[in-house]
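The values are calculated or read from the model by the stated rules, or taken from the named source; none is laboratory data. Computed from a prediction, not measured in an experiment: that's the story for all the values here. Backbone-built Cβ (ideal geometry, glycine too); neighbour counts: all protein chains shown. The area values use the complete protein model at the heavy-atom level, side chains included, leaving out ligands, DNA and RNA. Shrake-Rupley method; radii C 1.70, N 1.55, O 1.52, S 1.80 Å.
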Amino acid sequence: QAQLVETGGGLVQAGGSLTLSCTASGSIFSTYILGPMAWYRQAPGLQRELVATIGRFGLIKYADFAKGRFTISRDSAKKMIHLEMNSLKPDDTAVYFCNAKIAGREKDYWGQGTQVTVSS
């Protein structure tokens, strides 16, 4: 089993903040070491795009639109990642997905997504 569950989505006004969380669980993630984890998002009519990644040892990369507004963090002991989003804009509206890999492997695991809606 491998499960990624995102929480924290919802409706927020432009300029507001929201924090998403993702928890990895199941036999796969309890048996093997978690590698990099990431947040992606997909807006209506657009392709899924990378928001931010965080490696097993804390190396972080952000998409340009996320720099200065979003912060990704990791709690390895709890097998969780978080995405703090500030100064939200209507074009941040999307389904946000959690992504994870097992260390040293290429297979991607995905959560079901959580809806973030930013109103103007």
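Before moving on, here are some points about what is shown:
- One decimal place: the segment residue 110-residue 28 gains 28.2 nm when fully extended, by the rule 0.36 nm per residue minus the C-alpha distance.
- Over the residues of the chain, the helix contribution to mean residue ellipticity at 222 nm works out to -1000 deg cm²/dmol, using -39500 (n - 2.57) for each DSSP H run of at least 4.
- Inter-label distance for residue 119 and residue 67, nm, one decimal - labels placed 7 Å from Cα along Cα-to-Cβ: 3.3 nm
- Relative contact order of the chain, pairs being alpha-carbon contacts under 8 Å that are 6 or more residues apart, as %: 36 percent
- Overall form of the chain: prolate. Here a/c, set by the Cα gyration tensor axes a ≥ b ≥ c, is 1.5 or more, and a/b is the larger of a/b and b/c.
- Across segment 66-120, the mean sequence separation of Cα contacts (distance under 8 Å, 6 or more residues apart), normalised by length, yields a relative contact order of 30 percent.
- In the full protein context, the chain carries 54 Å² of accessible surface per residue, based on a 1.4 Å probe and ignoring ligands, DNA and RNA.
- Accessible-area composition of segment 1-89, carbon plus sulfur, in percent [1.4 Å probe]: 53 percent
- Per-residue 3J(HN,Hα) values for segment 58-72, derived from phi via the Karplus relation 6.51 cos²θ - 1.76 cosθ + 1.60 with θ = phi - 60°, read x, 5, 10, 9, 10, 5, 4, 5, 8, 4, x, 10, 10, 10, 9 Hz in sequence order (x marks Gly and Pro).
- Straight-line cross-link reach from residue 79 at under 14 Å between alpha-carbon atoms covers these aspartates and glutamates, not counting any fewer than eight positions away in the same chain: 6.
- Top of 68, 45, 104 by mean-square fluctuation, Gaussian network on the chain, Cα under 10 Å: 45
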